[in-house]
1. Full-extension gain between TRP520 and ASP224, please, as 0.36 nm times their residue separation minus the C-alpha to C-alpha distance.
2. Please give the length that would be gained between GLN379 and LYS575 if that part of the chain were fully extended, namely 0.36 nm times their separation in residues minus their C-alpha to C-alpha distance (nm, one decimal).
3. Taking the number of other C-beta atoms within 10 Å as the exposure measure, put THR559, THR116, THR551, THR251 in order starting with the fewest.
4. Rank these for me by crowding, VAL94, VAL17, going from fewest to most other beta carbons within 10 Å.
5. Estimate the FRET efficiency between LEU91 and TYR568 by the formula 1/(1 + (r/R0)^6), using the beta-carbon distance for r and 25 Å for R0, to the nearest 0.05.
6. List the residues whose amide H sits under 5 Å from the amide H of CYS271, counting only those 5 or more places along or on another chain, with H placed 1.01 Å from N in the peptide plane.
7. Set the Förster distance to 60 Å, then compute FRET efficiency between VAL394 and ARG550 from the Cβ-Cβ distance, nearest 0.05.
8. Please report, in Å, the Rg and the Dmax of segment 228-276, where both are computed over Cα atoms only.
Amino acid sequence: MENKDNTTTSFGTWDYVVFALMLVISAVIGVYYAIAKRREQTPMDFLVAGQSMTAVPVALSLTASFMSAITVLATPVEVYCNGAIYVLSCLGFVLMVAISSEIFLPIFYRLGLTSTYEYLELRFNKVVRLFGTVLFIVQTLVYTGVVIYAPALALNQVTGINLWGALISTGLVCTFYCTLGGFKAVVWTDVFQMSIMLAGFLAVIVQSVRLQGGVSVILNDSADGGRLNLWDFDPNPLRRHTFWTVIIGSTFVWTSMYSINQAQVQRYVSCKTLLHAKMALYINLVSLGTILLSSVFCGLCLYSFYKNCDPWTSKMVSAQDQLMPYLVMDILGDYPGIPGLFVAAAYSGTLSTVSSSVNSLAAVTIAELIGPYFSLSEQKLSWASKGLCVFYGVVCIGLAALASLMGGLLQTAISVVGTLNGPLLGLFSLGILFPSANSKGGLAGLVSGLVVSLWICVGAQIYHPLPENTRPLHLQTHGCSVTTDENDLMNWTSYSTLASYVTSAEQDKAVYRPLLADYWYSLSYMYFCPMGTLVCIVIGQIVSLFSGGRTLKLEPGLTLAKEDLTCYKIYKNLKRPQEMQTDLTWLRRKRNLAEPTLHFVMWSWIS
């Protein structure tokens, strides 16, 4: 399909009805839990659902928390511009789930922490705990502001939906159901919003396949355009996306999100048992993979439609993150309510991320900054939790307004926020995996990792990587009927979900590029997080060993033990029948027991 003009279909009445219905149902869930739990709700109920949640809703909530509107809008564009190699993140998901469930989850669940950062004081000291808390709050607020603003801007310019109306309504609805319903409302609205996200993707995929004549046509178009570039095994760390950068980078990035982030740990602790928490992670793996595969295939559909006429270079849209809404209005604009479903899907991602952020920020503030210093009753703590949800909701809306003034710094802000996860992952890994790590090593490692990751990130924003490292794929405009400036067609941006690198004629003609620009600053953005993690661990362990870490005495339960590992438990269970058989043989010879008595002994042992 090729577009003939710059016009786009505007939102209709039914589109607004579908979008409004999504907001209303989300709000109703909050009202329900506020009424159902109005008498017996304690601060523990409000913040972690009284540890009563089961695996399935928590799993869907885990997925929804970080599958924001950026996933709905930007991942297809990443595939459209740079190919489907990003789908290898699915392998990173598998490694992340194994690492999270085996190393981090047993520690946090055993300690029953409301705030992840309580662990840092138990393991190190108050200074390290405060440092980690501040990093989390800053990162979450900045990221949430961008998550609210970015999809609103993209959808406003394509569908005509009111920018500030969408910003304020989504922010207020999030704040409303978080404040009234607490953590249970957050989890169950996440479940509802996940279903809306999948429905939005499904609508685009089904219509695209129908119009293009089948899945094979879309795959053939993508292969011809070089979009099925999955098996690039180049080990060069400067290459933006290869098999290694995507798998290693996504493993570290998603582990930092799912293992130590307050929003996710809060969900693990809300489960009724450790088994339910682990099951939630593995079920979450299925939903994560489903969302990623859907968004990647939408990117292939996007390319199949516009392979001969790129809407961005032909000035049909003003930014690449508007391509998915543009496709939706192009192929589904004649179906009342369906464009509204896709917008609801994008905003469901925003709602789930914002609600998780608001609730986790309230939990951290109560546990880190209020609980330790003020003696408050449960009633006052409950009211403080609700008040903090309101406060952080308003702050996030305000930061979204501020983001509207940032212009080209939006992608820079997302990249900087991402670099904060690496050092924090390194700090928690240092505490859990290295018994000799002390508070001096922890603080030194965290600061070192933060400095290095920010150094690379900021340098990459100033000195963009060379085209031979980013290798953006060609976008065609020969099929367009609109007239555009030839110079405009040559100046296009290679967009990424996590970072945006601009390659322009001015950049290529730069007179001076320091040596670091073509090496250190050109490191793949997927390695920002691993770099911060590894620097934190190495520096932290070295400082610890030279400052008396080998004589450190720790409280039990703060580091990983072999009993925490599932493989060790499986080994013990496999070994147990052999031990039982040996002991029963010994009993028979020793006591000459009758067969029924032996069966009774075996049953008692198993029980």
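1. Gain on extension, TRP520 to ASP224, equals 103.2 nm.
2. In short, 65.5 nm is gained.
3. The most exposed by this proxy come first: THR551, THR559, THR251, THR116.
4. VAL17, VAL94
5. So, using R0 = 25 Å, E works out to roughly 0.50.
6. Residues meeting the amide H criterion: MET53.
7. Calculated value: 0.75.
8. 16.0, 45
Any read-out appearing in this document is the output of simple, stated calculations on the displayed coordinates, not a laboratory observation. Keep in mind that this is a model prediction, so the values were computed, not measured. Backbone-built Cβ (ideal geometry, glycine too); neighbour counts: all protein chains shown.
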